[in-house]
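Remarks on the structure that follows.
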Amino acid sequence: MNFREKPYDAFHVSTDSAGVMTVAIDVPKRPMNVLTQSVMEELEAIVSDIESRSDLRLVVFRSEKESGFLAGADVRDIASISGPAQAGRLIDAGQQLFHRIDHLKTPTLVVIHGPCLGGGLEWSLACDYRVARDNSSTKIGLPEIKLGVIPGWGGTQRLPRQVGLVQSLGMILQGKTLSAHAAAKIGLVDRAITPEDWEVGVNQFIADILRGDVRTQRPLRKRLLRFLECAKPARTWILHKTRAKIRSKAEQYPALPAAVHAIETGLQKQGAGYVTERSEFVKLLATPTCRNLLNLFFARESARDIKTWATHAERADIHSHEIRRVGVVGAGAMGAGIGQFAATHGYDVAFREVDESAAQQGRARLEKLMKTYADRNRLGAEKRRELNDRVVMSTDDDAIVLCDLVVEAAVERMDIKQQIFARLDGLVATDCILATNTSSLSVDAIATSTTHPERVAGLHFFNPVHRMELVEVIRGAVTNDDTITRLVAFVRSLGKTPIVTKDSPGFLVNRVLFPYLGEAVLMIGEGYSPAEIDRELRRFGMPMGPLELIDQVGVDIAKHVASSLGHVIEGLDPVVDVLTDMVQRGDIGKKAGSGFYRYQDGKSVPHKVAALSSPVCLEPDDGFANDGLSTIQRRLVYPMLREAVLCKEQQIVREDWMIDLAMVLATGFAPHRGGPLRVIDGIGVKLVHENLKRLQTVHGNRFSPPELIAAMSAADQRFYVRERSLSTTESQRKWRGNDSSSSRSIR
Ligand code: NAD
């Protein structure tokens, strides 16, 4: 029998006759539980109640929402922190509360399903036992580093003690999440329970606790490793190696060394670790990296919100037009990826290929992708069969006829695409959307081959489909709102992030990226070495340099896109010439073993070894104002900044944040800098304007400042409202001066 106790807004608390109290979290009006201030206050009241009772034998924390246990602290609360004193109070409150949970006399168990992230995991770590549902939606981790901060509620202290130094460094520094199975293997959860055995398994575990008979699933080898790394020399060596590994990124991502510092301090002296964790968190919150990553977080939330793209009327209508069956024309590199991804997200997928031989190749591609997915998600034979049954590959139109959406991913030729669309137009129902995955052709021109151009749009996935989060949804001149809304909802349902762009050459991402790639190609002709160029851009914060990227994408594909952008982007013609020569020589990039680099055993070897003998100049040179960039960085980054401004001028997207988010998600544009427009704000519009003029004088009109930059510079404007941000020194000063609790230890 259950006794319901004092009512709370976010919790249902009940105690059964065996003395087991269940505290079930269900934060109202939130699709996913998050720890807001009021939720924390209620949890504190519940903890006080538990502390005062002697009749309890076990407290079970779990979620009443099917969406999961807890997504962490409310990021809006974090972003709205007004200064170090408030940040310190927030950290104190969480640390104190979890300390009390950690020290409850009654044993505590957390029952985890779905996300258990950030503050959710920190709460779980303060409990005695954890069990987790072993399916693909369970994700356990401390992703704070992705927002430029470190876990602040004891995560840097309790995780190393729970899973050891090596595992915790991996989890905290990469912000990676673990499945229930992986978490059980390292001792982060006591038991991973399959969905089929879920309730029975949880009840069994509770019974085991009550009987005092809990056995861990952690393998002996892992336990042995934990034991070995406890020795001081081993720890010192691990921390030394870790510091060396993060050194190159430490300046851009100060949370990395801060996390190592907090972990190390905690290993030396427990109480001091919490103080360090707290002070490092407060300092990090004031860094530009943290602000930029928070802005990107909110931009991503907005892009994933259907309200950003749809009017109220369309939103109400969307369910009646739901997409269930997806057709894919062409099962090549992109088509196979799109179809596979749709199938793994529950859609029925029908492929159409030109002939049996192409269909065979398509099947092989698809099988490979499906196998990788099934292996990674540890799917059983039946689930694999179910997944494969969702897909048909055919050389006739029959399977396509019943689709609600057809994505064309055939070769990049206007005549072929127009033929395909004309045929589809007469084949499918009038409310079926026809989308093209073209990267450079005009959606409007493709749509002219149909009788219903209002249901034609672009749906531009990036390569490889399963890894790239961004999808550009391209609105043609006559594409209707319903088509766009349904496509945005479809992209969302795949767990990807949509950005709606105007139909214009290169749309948004390729348009901003290609001036940068082109400039790198031109610099090779001037004697710069690929290695030097790529190294400098990695230093700027790109995941790989421009020439490495061209080699990876394929010189042939880059040439194709560059040719189609030639009439909108100034200065691309000589770039196309260089790329054409390379294609004719067979130097088409990594897939051929040769491009800007040679590849041996999957590793790159530069064609020319460091032709640049002069050191990279970090000071203002040749009349450039100091923007903090090296000569090579400035030469390559400014073309992107300039093109981003032109895209704003020409309203390729509706709002500025869409440009920044798209570039970060699709190209890895230095996330800590927040995107091209934020970089301009960071340097200062005036200064960027000055340097563009100077670059124009030295290198030509492809650097001419856009009118908008000139106007904004004259009016002393920015793209974004200036943010209230406390410098580190200011925050430290205020911190010492105003808050006497700064040196207080909770231990
Ligand atoms: P691909 O050459 O790998 O595949 C094209 C497939 O289309 C082939 O299997 C071919 O047999 C099939 N095909 C050709 N004509 C057809 C027809 N009439 N009916 C049915 N199937 C037909 O090409 P890809 O790299 O997958 O590119 C496909 C599209 O995606 C292109 O428009 C390309 O610009 C775009 N795209 C490519 C990338 C990339 O990195 N590869 C990225 C984004 C977008």
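The values are calculated or read from the model by the stated rules, or taken from the named source; none is laboratory data. Just so we're clear, the structure is a prediction, and the values are computed from it rather than from any experiment. Please note: Cβ atoms are built from the backbone with ideal geometry, for glycine as well, and neighbour counts cover all protein chains shown. Ligands, DNA and RNA are excluded from the accessible area calculation, which covers all protein heavy atoms including side chains. Shrake-Rupley method; radii C 1.70, N 1.55, O 1.52, S 1.80 Å.
Can you tell me what share of the DSSP beta bridges in the chain is antiparallel? A percent to the nearest 5 is fine. Bridges in the chain that DSSP calls antiparallel: roughly 30 percent.
Taking N as the residue count of segment 349-504, its C-alpha radius of gyration divided by 2.2 N^0.38 Å amounts to 1.06.
On the beta carbon distance between S38 and E199, with R0 = 30 Å, the FRET formula returns roughly 0.50.
For the chain, the share of accessible area belonging to carbon and sulfur comes to 52 percent (1.4 Å probe, ligands and nucleic acids excluded). Computed about its Cα centre, the charge dipole of the chain is approximately 3000 debye, with only Lys, Arg, Asp and Glu carrying charge at their Cβ. In this structure, the residue pairs whose Cα-Cα separation is over 24 Å, taken from K6/K105; K146/K269; K29/K307; K245/K603; K176/K496; K496/K603, are K146/K269; K496/K603. Ranking L56, N33, Y129 by how far each Cα lies toward the positive end of the dipole of segment 2-286 (charges on Cβ) leaves Y129 at the top.
Given the whole protein assembly as supplied and a 1.4 Å probe, what does the accessible area of M32 come to in Å², nearest 10? So the heavy atoms of M32 present about 50 Å² to solvent. Ordered from largest to smallest accessible area (heavy atoms of protein chains, 1.4 Å probe), the residues T265, T372, T497 come out as T372, T265, T497. Taking 0.36 nm per residue of sequence separation and removing the Cα-Cα distance, the D77/E301 pair yields an extension gain of 79.1 nm.
Ranking S604, A381, M523 by Cα position along the charge dipole of the chain, where only Lys, Arg, Asp and Glu carry charges on their C-beta atoms, puts S604 farthest toward the positive end.
Largest accessible area first, the listed residues E649, E536 line up as E649, E536 when surface is computed with a 1.4 Å probe on the assembled protein chains. Note on R53 and R718: the model spin-label points, each 7 Å out from Cα along the C-beta direction, lie 5.1 nm apart.
For the chain, the residue among P464, V512, A45 whose Cα projects farthest onto the positive side of the dipole built from Cβ charges is A45. Entry note, the chain: the mean residue ellipticity at 222 nm calculated from DSSP H runs of n ≥ 4, each adding -39500 (n - 2.57), is -15500 deg cm²/dmol after division by the residues and rounding to the nearest 500. Computed on protein heavy atoms with a 1.4 Å probe, the accessible areas place S52, S357 in the order S52, S357, largest first. Place a label point 7 angstrom from the Cα of V214 along the Cα-to-Cβ direction, then list the residues of segment 118-141 whose backbone nitrogen is under 12 Å away. Only 125-132 fall inside the zone, counting backbone N under 12 Å. For segment 2-286, what is Rg from Cα atoms divided by 2.2 N^0.38 Å, rounded to two decimals? With N residues counted in segment 2-286, Rg over 2.2 N^0.38 Å equals 0.98. Accessible surface computed residue by residue for the chain, with neighbouring protein chains in place and a 1.4 Å probe, gives 43 Å² per residue. First measure r as the distance between the Cβ atoms of C230 and A250, then evaluate 1/(1 + (r/R0)^6) with R0 = 30 Å and state the FRET efficiency to the nearest 0.05. The pair C230/A250 has a calculated efficiency of 0.70. Taking 7 Å steps out from each Cα toward its Cβ at D431 and E356 produces label points 3.9 nm apart. Loop-resident GluC sites (Glu not before Pro) (DSSP state other than H, G, I, E or B) in segment 322-385 with no more than 12 further Cβ atoms inside 10 Å of their Cβ: E322. Rounded to the nearest 10 square angstrom, V500 shows an accessible area of 20 square angstrom against a 1.4 Å probe.
Placing one equal scatterer on every Cα of the chain and applying the Debye formula, the log10 ratio I(q)/I(0) at q = 0.08, 0.09, 0.10 Å⁻¹ is -0.75, -0.95, -1.16.
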